[in-house]
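Let me begin by presenting the structure, written as structure tokens, before commenting on it.
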Amino acid sequence: MSLLLAMLSFSFVMPISPGPVNMVILSSGASYGVRQTFPFVSGATLGFTLLLLCIGLGLYEVVQLFPDFLQYLALAGAAFIIYLGYLIASSAPKLSIEKQKRPTFIQGFLLQWLNPKAWMACMSGVSLFSAPEGYQPFLSFLLLYFLVCYASLFSWSLLGDRAAQLLNSEARLRLFNRLPVRVWLFS
């Protein structure tokens with residue numbers, strides 16, 4: 001029971017804590033609503049889950065053999081995160097949906113694979129919840145993390161959607177779309 005509680009705690013804290021994926025979801029939820037943000041949430045959740053599975057099944061050893069990989073990943077991830085932040089910050093402050101500006105499933109999926117926070121969370125989770133005698137604890141953790149991650153990321157889109165009710169002017173929406181990007185970049 002204590003292992004399950006530890007898995008649940010880890011699975012909740014990592015995806016609910018602020019990070020680049022959450023800021024994109026928050027801004028997208030405010031700009032486009034929950035329904036239009038759901039593909040990005042789904043992509044981010046599935047991308048993270050697949051990353052966790054790959055690391056749990058052996059990618060962890062490859063990363064340990066090539067430690068510079070994480071530095072290159074951090075650079076690529078930072079560039080991709082800045083690109084997504086730019087798309088949100090430069091989007092027209094209108095509540096109408098523009099498909100080319102709305103974060104997509106593929107972007108959510110890729111963002112997790114380029115996100116250093118996701119890699120650290122996966123490597124920590126694998127080291128904490130893997131057992132030498134078999135994959136059962138890890139697979140239980142994987143399933144639990146998938147469910148909790150989906151709910152956590154979805155809650156960020158709900159928060160953004162509800163915040164949009166306060167953002168009933170173009171100036172307020174523009175400020176909101178730029179604020180999370182600035183806060184994240186300069187923190």
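Values for this structure:
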| read-out | value |
| --- | --- |
| Burial order of peptide ranges 15-28, 164-177, 147-160 (average beta-carbon count within 10 Å, highest first) | 15-28, 147-160, 164-177 |
| Gained length - residue 127 relative to residue 140, 0.36 nm times residue gap less alpha-carbon distance | 3.3 nm |
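Since every read-out is calculated from the coordinates, none of them should be taken as a lab result. All of these numbers come straight from a predicted model, not from anything done at the bench. Note that we place each Cβ from the backbone using ideal geometry, even for glycine, and neighbour counts take in every protein chain shown.
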